[in-house]
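Accompanying notes for the structure given below.
The values are calculated or read from the model by the stated rules, or taken from the named source; none is laboratory data. Worth saying up front: this structure is predicted, and the values here are computed from it rather than measured. All Cβ positions, glycine included, derive from the backbone under ideal geometry; neighbour counts span all protein chains shown.
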Amino acid sequence: MIKKEIPFAVEIYASAEELNDSDATLLAKARAITTQAYAPYSHFNVGAAAMLTDGTTVTATNQENASYPVGICAERVLLSAVASQFSGRGIITMAISYHNINGESNTPISPCGICRQSLAEYGERTHQSIRLILSGMLGEVYIIEKAQQLLPLTFSAVSMK
Ligand code: THU
């Protein structure tokens, strides 16, 4: 038996002011687009912004439904938009933010399990790993070099070969 460690690092910044200009701009777009979320059930407005390989920025929000499981997270709305409207271009960085109408919005959130799987697939299909910037409307910012690191031992197309 061997025991294998799967290392995982998160860069932690005290606030968006510590970020470089392009990361700060992308996070600002994710924060701003939270106003367009459709989250009348959770009141948890999520915004996501993607910087594509050609420098284009695309934004999206979570879209809920009276039939709760039908709702879609901002990350997957964004992946679908990029895949459909930007020829499946690679995403270099995705910023994710939120405004919790009933609480605080000052601690980073990270993608749910389904979104982690979707991010992993999108990274693989575009041969472009996705860097993540995670933060609320204010406070600390986490940067994760590759979204796939959030899902160790990922099940993917390779697993079915
Ligand atoms: N949500 C996202 O859009 N992204 C996340 O990373 C976490 C959760 C949404 C789903 C639902 O509309 C609301 O936030 C509360 O879970």
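A count restricted to the range 17-33 and to residues that are within 16 Å of the ligand (Cβ to nearest atom) and farther than 10 Å from Thr59 by Cβ stands at 2. Filtered by the rule that a residue be at negative phi and either surrounded by fewer than 18 Cβ atoms within 10 Å (Cβ to Cβ) or part of a strand (DSSP E or B) (or both), the range 138-150 gives Leu138, Glu140, Val141, Tyr142, Ile143, Ile144, Glu145, Lys146. Contact map, the range 99-125: first residue more than 15 Å from Val77 (Cβ to Cβ) and aliphatic (A, V, I, L, M), second residue more than 10 Å from the ligand (Cβ to nearest atom) and assigned to a helix (DSSP H, G or I), Cβ cut-off under 7 Å, separation 6 or more or different chains; pairs are Ala120/Ala147; Ala120/Gln148. Can you confirm whether the range 39-56 contains a residue that is touching a Pro at 6+ places or on another chain (Cβ under 8 Å) and within 10 Å of the ligand (Cβ to nearest atom)? Checked against the condition, which is being touching a Pro at 6+ places or on another chain (Cβ under 8 Å) and within 10 Å of the ligand (Cβ to nearest atom), the range 39-56 yields no hits at all.
Only one of (1) small (Gly, Ala, Ser); (2) within 14 Å of the ligand (Cβ to nearest atom); (3) more than 13 Å from Gly136 (Cβ to Cβ) is not met by Gly90, so which one is it? Result: Gly90 passes all but (2). Among the residues of the range 94-103, none qualifies, meaning not one is more than 12 Å from the ligand (Cβ to nearest atom) and exposed (fewer than 15 other Cβ atoms within 10 Å of the Cβ). Here the range 66-78 is the region considered, the condition is being within 12 Å of the ligand (Cβ to nearest atom) and touching a residue at least 12 places away in the same chain (Cβ under 8 Å), and the residue that is nearest to Thr53 (Cα to Cα) is Leu78. Beta carbons closer than 7 Å, at least 6 apart along the sequence or on distinct chains, pair a first residue in the range 40-63 that is polar (S, T, N, Q) with a second that is exposed (fewer than 15 other Cβ atoms within 10 Å of the Cβ) and not in a strand (DSSP E or B) for Asn45/Ile101; Thr61/Gln36. Within 25 Å of Phe44 (Cα to Cα), in contact with a helix residue (DSSP H, G or I) (Cβ under 7 Å, 6 or more places away or on another chain) and surrounded by 18 or more Cβ atoms within 10 Å (Cβ to Cβ): does that describe Leu78? It is false that Leu78 is within 25 Å of Phe44 (Cα to Cα), in contact with a helix residue (DSSP H, G or I) (Cβ under 7 Å, 6 or more places away or on another chain) and surrounded by 18 or more Cβ atoms within 10 Å (Cβ to Cβ). Restricting Ile114, Ile130 to those that are surrounded by fewer than 16 Cβ atoms within 10 Å (Cβ to Cβ) and either modelled with pLDDT under 95 or within 16 Å of the ligand (Cβ to nearest atom) (or both) reduces the list to Ile114.
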